[in-house]
1. Between rounded, prolate and oblate, where does region 29-127 land on the alpha carbon gyration tensor, with a ≥ b ≥ c its root eigenvalues, rounded for a/c under 1.5, else prolate if a/b exceeds b/c?
2. Compare the peptides 206-215, 193-202 by average per-residue count of other Cβ atoms within 10 angstrom and give them in order, highest first.
3. From the cross-link list Lys42/Lys221; Lys150/Lys208; Lys53/Lys136; Lys49/Lys150, which pairs have alpha carbons spaced over 23 Å apart?
4. Along region 173-185, what does the Karplus equation 6.51 cos²θ - 1.76 cosθ + 1.60 (θ = phi - 60°) give for ³J(HN,Hα), rounded to whole Hz, x for Gly and Pro?
5. So what does Arg104 come to for accessible area, using a 1.4 Å probe and Å² rounded to 10?
6. Which order do the peptides 127-137, 66-76, 180-190 come out in when sorted by mean C-beta neighbours inside 10 angstrom, highest first?
7. Taking just the alpha carbons, could you work out the radius of gyration and Dmax for region 180-221, both in angstroms?
8. Distance between the C-alpha centers of region 143-179 and region 196-228? Whole Å please.
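The values are calculated or read from the model by the stated rules, or taken from the named source; none is laboratory data. Everything numeric in this text was worked out from a predicted model, so none of it was measured. Using ideal geometry, Cβ is built from the backbone for each residue, glycine included, and neighbour counts are taken over all protein chains shown. These accessible areas exclude ligands, DNA and RNA; they are computed on the full protein's heavy atoms, side chains included. Shrake-Rupley method; radii C 1.70, N 1.55, O 1.52, S 1.80 Å.
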Amino acid sequence: MDSDSNNLPTPSGEVGGHGDSKTKTSECTSTTPCLSSVLCPKAWFDPNKLHPKVSELVYWRDPKKSGVVFCGIFIILIALTCLSFISVVAYTSLAIVSGTFAFRVYKNILQTVNKTQDGHPFKEYLEFDLTLGSEKTQEICNAIISHLNKLAVQLRHLFLVEDLVDSAKFGGFLYFLTYLGSCFNGLTLVTIAFVALFALPKVYELNKNVIDQYVDLVCAKVSEITAKVNEALPFGKKEKAQ
């Protein structure tokens, strides 16, 4: 019993017996949301559950910064619909190098004319630490593995028809995806999802009360219909009774 209890998941989501990792995880959740919070879909609609840097972008706390990130990635996605991936990477990299090179030469000329020693214009970014710490890497890996495990269990539940209604709804969703796939390619769907990522959280924040009311009504109606369908399936009752 002792060995089994040591392996039980702790409330923080870590495995018992690793006090250090448990402490780090609890510190992360109690003060600032972890970067791995972006893997949770519900977190995108609650800025307090998202990493501060991510929430600042998708909730447009700094319109200039969010606008630059949104426009930059959106232009790249649109370019991928017209050009190959290699061409987009090459042209984007060439534009960045050309801009930084021209800016460096311009600053050097100004320093020569004004006879100043301001140093490298990108010194702040050159000194920025880009290394990914082992703790953060482990945190992200653990979060990914946890979500993959949940996904595997849910897919098994749906594909092996553990619940008739859930599998039927999943089948309807897959049938809808066949029509969606015939109208849009994968890159178009990624572009739409990216635009929604920068639009829906802010729209929800501004109209939270109204949206929650309608969502509650829809969820209640779906639950009511699901309960009626479950009661109308005699073999479903037998499975639950067993």
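1. Note, shape of region 29-127 comes out oblate.
2. Taking the mean over residues of other Cβ atoms within 10 Å, the ranking is 193-202, 206-215.
3. Lys150/Lys208
4. Coupling constants for region 173-185: 5, 5, 5, 5, 5, 5, 6, 5, x, 6, 9, 10, 8 Hz.
5. 90 Å²
6. 66-76, 180-190, 127-137
7. Using the Cα atoms of region 180-221, the pair Rg, Dmax is 14.0, 36 Å.
8. Taking the Cα centre of each part, region 143-179 and region 196-228 sit 21 Å apart.
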